[in-house]
1. Using a 1.4 angstrom probe, figure out how much accessible area the stretch 8-115 has per residue, in square angstrom, rounded to the nearest whole.
2. Given a 1.4 angstrom probe, I'd like the percentage of the accessible area of the chain that is carbon and sulfur, rounded to a whole number.
3. State the extension gain, in nm to one decimal, for the chain segment bounded by Thr175 and Ala3, taking 0.36 nm per residue of separation less the distance between their alpha-carbons.
4. Give the Rg (one decimal place) followed by the Dmax (whole number) of the chain, computed from C-alpha coordinates and expressed in Å.
5. Go through the stretch 107-120 residue by residue and turn each phi into a ³J(HN,Hα) via Karplus (6.51, -1.76, 1.60, θ = phi - 60°); whole Hz please, and just put x for glycine and proline.
6. Given Cα pairs under 8 Å that are at least 6 residues apart, what percent is the relative contact order of the chain?
7. Collect residues whose amide H, placed 1.01 Å from N in the peptide plane, falls under 5 Å from the amide H of Glu35; neighbours closer than 5 in sequence don't count.
8. Counting other Cβ atoms within 10 Å of each Cβ, which trypsin sites (Lys or Arg not before Pro) in the stretch 189-298 have at most 10 and sit in a DSSP loop?
Amino acid sequence: DRATGKGLRKINRKGQGGEEYTYALGVVLDEDRGEMFVNDHSARKILVYDLEGNFKRSFRHKEGATYANVCNFDRGNLICYDGHVSNDGEANEQLFMIASKEDGSITKDILIPFEKKILTDIIVKDGNGMTWGASPSNHYPVIPCFDGFILTEASSDTIYTYSLDCVMTPFIVRTPPARSMDPVVFLFPSIITGRYYFMSALKREYDFDKNEGFPDVDLMYDREEKAIYKPTVYNDDYTGGQEIDMKTRPVSGEIVTRQLLQSDRLVEDFKAGKLKGRLAEIAAGLDEESNPVIMLVKHKK
C-alpha cells in the first residue's frame, strides 16, 4: 500500500510448470494494463500475470536472443536488450528491439551503428575444457530517462537517447574510441538528471583465480559547469553523512533509483542519534526484525 507501506499480498509463481517461471531476472510493472511481465532469463520467455498473480499468457524471447534487460516502453510494447553470449564468446550484432506485450513479436529493431563488436562479458576456457564467464554488474543497456530511454551499446562510442516516437539521438560521444584501448575501458551511464550525468569508466579485465575484476571509476558530468568530477552523494537524513549508491539502474522516468535500508542498521543509527527528518520518524517505529525500508530517490521538481 503506497500510503502506509503495508504489504497487501504475496505472489510466488516460481516452479517448473507452464504457468511458472524458473528464474525471474526482472519484473516490469504496467499499472495501466494491470499486468506484470516476468522475464524468465534461463527459459528465454516472458510470463504475464495480473496484479493478483494470476497467469494470463506467455511468449518467447526473439529467436536466438536472451533478454538481459526489459523495460516498459508504451502501452503496447516492451523495450528489450539481448544479452546472449555463447560459450565461444559469440554474440548477436544488434541487441535492442521493441517487442509486443501481447505475443512478443518484434515491433521494431533498433539499429545502433558501430565499427567492431566488443563484448562486455569475458569468456575463458580452462585446461579441462570448462568455460567460465564474467559480466560487469553496473552495465545497464536500457535506462529509463524522463520521457524516453538511454541506450548503451558497448561496441559504439556514442550513447544515444531513444524517444517514445522511436527517434534516436546522440547523447554522449566518448573519446578515445573503446576499440583503441587495451584493455578496453567502457563508459557506462547510470543515473541521469537534468543537470548531472552519473557514469562509470569500467576496465574490461577480470581475474578468475581471485574472482574479482572490472575495476571502475565513478564519474559525474555537470552540464552547467561543463566539467567532470568524481562524485560522492549523501543521504541528507543522516547527520554524519551516509553515501547513496549512484550506480544503480533507474526504476522509471520518475524514480531515479531505489536503495534498500536494513532495519537493524536503522534502529542502531536512530539510537545513536545519527538520523533526522523523515528517516528518523520511520526508524522510530522499527525494531531489528522489521522489514527493510525502501528509499525512493526522485527528480527534483
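The values are calculated or read from the model by the stated rules, or taken from the named source; none is laboratory data. Nothing here was measured: the structure is a model prediction, and the numbers come from that model. Here Cβ is always computed from backbone atoms with ideal geometry, including for glycine, and neighbour counts include all displayed protein chains. With ligands, DNA and RNA removed, areas are computed over all heavy atoms of the protein, side chains included. Shrake-Rupley method; radii C 1.70, N 1.55, O 1.52, S 1.80 Å.
1. Working: 5660 Å² over 108 residues.
Roughly 52 Å² per residue, with all protein chains present.
2. Working: 8070 of 17200 Å².
Using a 1.4 Å probe with all protein chains present, the chain comes out at 47 percent carbon and sulfur.
3. Numbers: separation 172, 0.36 × 172 = 61.92 nm, distance 4.68 nm.
That pair, Thr175 and Ala3, stretches by 57.2 nm at full extension.
4. 20.8, 58
5. After applying 6.51 cos²θ - 1.76 cosθ + 1.60, I find 6, 7, 8, 9, 9, 10, x, 7, 7, 9, 5, 10, 7, 7 Hz.
6. Working: 584 pairs, mean separation 24.8, N = 301.
Reported relative contact order: 8 percent.
7. Asp30
8. Values: sites: Arg195, Lys203, Arg204, Lys210, Arg223, Lys226, Lys247, Arg258, Arg265, Lys271, Lys274, Lys276, Arg278, Lys298; in loops: Arg195, Arg204, Lys210, Arg223, Lys226, Lys247, Lys274, Lys276.
Those satisfying the criteria are Lys210, Lys226.
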